[in-house]
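A short worksheet on the structure shown next.
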Amino acid sequence: MTASVAGGDDIRDGQRAAWAGLSPAWEKWDAVIMDQMEPVSTAMIERLGIAADQRHLDIAAGTGEPGLTVARLAPRGHVVLTDLSAEMLDVAARRARAQGVTNFETAVCSADDLPFADATFDSVSVRFGYMFFPDLAAATAEFARVLKPGGRICSSVWVDPDRNPWTTIAMQAIGREAEFPPPDPDRPNMYRCAAAGYVSGLYEAAGLRDVAEWDVPVELVTRSPAEYWEMIGEHVSLAAAALRGVDEAARQRIADAVTADVRAYESDGEVRVPGLARCIVGTRPEAATMRT
Ligand SMILES: C[S@@+](CC[C@H](N)C(=O)[O-])C[C@H]1O[C@@H](n2cnc3c(N)ncnc32)[C@H](O)[C@@H]1O
């Protein structure tokens, strides 16, 4: 699998448009999404070791996590939330206002071309962003470049679809109605970075040290099969893209199939569907040993 691709502008344009379109759904389902992803943020932040005066960079911050949590933990520090999508960052700014968080700023930029000087940040986070970048090696080199020597990066990606029924239930039902081309490993895809050791390899190639990865279970909790389907169809990039290609009748058949299939996860008035994320941590060594 190669890490970089031709056609980066085309990928960035596609991602910018896709996430602008998804941003209202991410705001609508904010509480459910944040509850599902919270164990991942906790695991990432624990490894980053946030100090009260931390200078932190959150890449592909979207609607603001884990950057805003870091900002709350670093009252004398400062957090920069970056993303390709201004619309996603607008949601992040509204969430920050609602939480009373002020020690942050937002910057619209691509992960592989960061507008920051070398060695600016004590730590970097990338929660569920890696799989969408056009050039994963270039992006990783940028993260290493802007970290201070000794600074840490922690990112998270999704482990394979089989261990993520929270998306697979819906994708299998959509797949019975629509043809999907096989995923291109060089183009954005939710499971593009699923292979064990893949992101670790990118870190090591960028000169990062003390690289380790570990898996973190998550659970998507909704109040009913209907709510599960509404939420997945509206905010999951893979499902929303696949649904654009089906007509109304097929959409209804998919909805019926998904709501039937997800009943296996329903109990006590809740639907709890599991998933598995992988976190990857690394450290920028002292300047003399960097390869960026
Ligand atoms: C699944 S969301 C993750 C948002 C947030 N970190 C979270 O975990 O809730 C993926 C984000 O990656 C962003 N993204 C996609 N391509 C990007 C790129 N080249 N540079 C920076 N961000 C990008 C999207 O705009 C989107 O906000």
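The values are calculated or read from the model by the stated rules, or taken from the named source; none is laboratory data. Predicted model, so just to flag it, every value in this text is computed and none were measured. Please note: Cβ atoms are built from the backbone with ideal geometry, for glycine as well, and neighbour counts cover all protein chains shown.
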- Matching residues in the range 123-149 - criterion: being more than 15 Å from the ligand (Cβ to nearest atom) and crowded, with 21+ Cβ neighbours inside 10 Å: Ala144, Leu147
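Can you tell me how many residues in the range 50-104 are acidic (Asp, Glu) and in contact with a strand residue (DSSP E or B) (Cβ under 7 Å, 6 or more places away or on another chain)?
Residues in the range 50-104 being acidic (Asp, Glu) and in contact with a strand residue (DSSP E or B) (Cβ under 7 Å, 6 or more places away or on another chain): 3 in total.
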- Looking at (1) within 30 Å of Glu46 (Cβ to Cβ); (2) of a type outside the set (S, T, N, Q); (3) in a helix (DSSP H, G or I); (4) within 16 Å of the ligand (Cβ to nearest atom), which is the one condition that is false for Val218? (3)
- Can Asp118 be described as within 10 Å of the ligand (Cβ to nearest atom), among the charged types (D, E, K, R) and farther than 26 Å from Val216 by Cα? no
- Determine which member of the set Ala60, Ala20, Ala31, Ala51 is in a helix (DSSP H, G or I), at pLDDT 95 or above and more than 18 Å from Arg223 (Cβ to Cβ). Ala20
- Does the range 167-175 contain any residue that is surrounded by fewer than 20 Cβ atoms within 10 Å (Cβ to Cβ), closer than 22 Å to Met34 by Cα and more than 16 Å from the ligand (Cβ to nearest atom)? yes
- Query: For the range 93-122, which residues satisfy the criterion of being surrounded by 14 or more Cβ atoms within 10 Å (Cβ to Cβ) and among the acidic types (Asp, Glu)?
  - Reply: Asp112, Asp122
- For the range 76-100, the count of residues that are among the polar types (S, T, N, Q) and either more than 9 Å from the ligand (Cβ to nearest atom) or not in a strand (DSSP E or B) (or both) equals 2
- Task: Could you name every one of the strands (runs of 3 or more DSSP E) located completely within the range 101-184 that has at least 2 residues being of a type in the set (S, T, N, Q)?
- Result: 121-127, 147-158
- Asp160 fails exactly one of (1) more than 12 Å from the ligand (Cβ to nearest atom); (2) of a type outside the set (Ser, Thr, Tyr); (3) under 26 Å from Pro274 (Cα atoms); (4) surrounded by 17 or more Cβ atoms within 10 Å (Cβ to Cβ), namely (4)
- Query: Of all the residues that make up the range 33-58, how many are within 12 Å of the ligand (Cβ to nearest atom) and touching a helix residue (DSSP H, G or I) at 6+ places or on another chain (Cβ under 7 Å)?
  - Reply: 4
- Query: So Glu230 fits all but one of (1) buried (at least 17 other Cβ atoms within 10 Å of the Cβ); (2) outside any loop (DSSP other than H, G, I, E, B); (3) in contact (Cβ under 8 Å) with a residue 24 or more places away in the chain; what number is the exception?
  - Reply: (3)
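For residues in the range 186-198 being closer than 20 Å to Asp13 by Cβ and not polar (S, T, N, Q), which is modelled with the lowest pLDDT?
Residues of the range 186-198 that are closer than 20 Å to Asp13 by Cβ, as a first pass: 186-190, 192.
Now narrow it down to the ones that are not polar (S, T, N, Q): 186-188, 190, 192.
On the way: Asp186: 86, Arg187: 91, Pro188: 93, Met190: 92, Arg192: 95.
Checking each candidate, the answer is Asp186.
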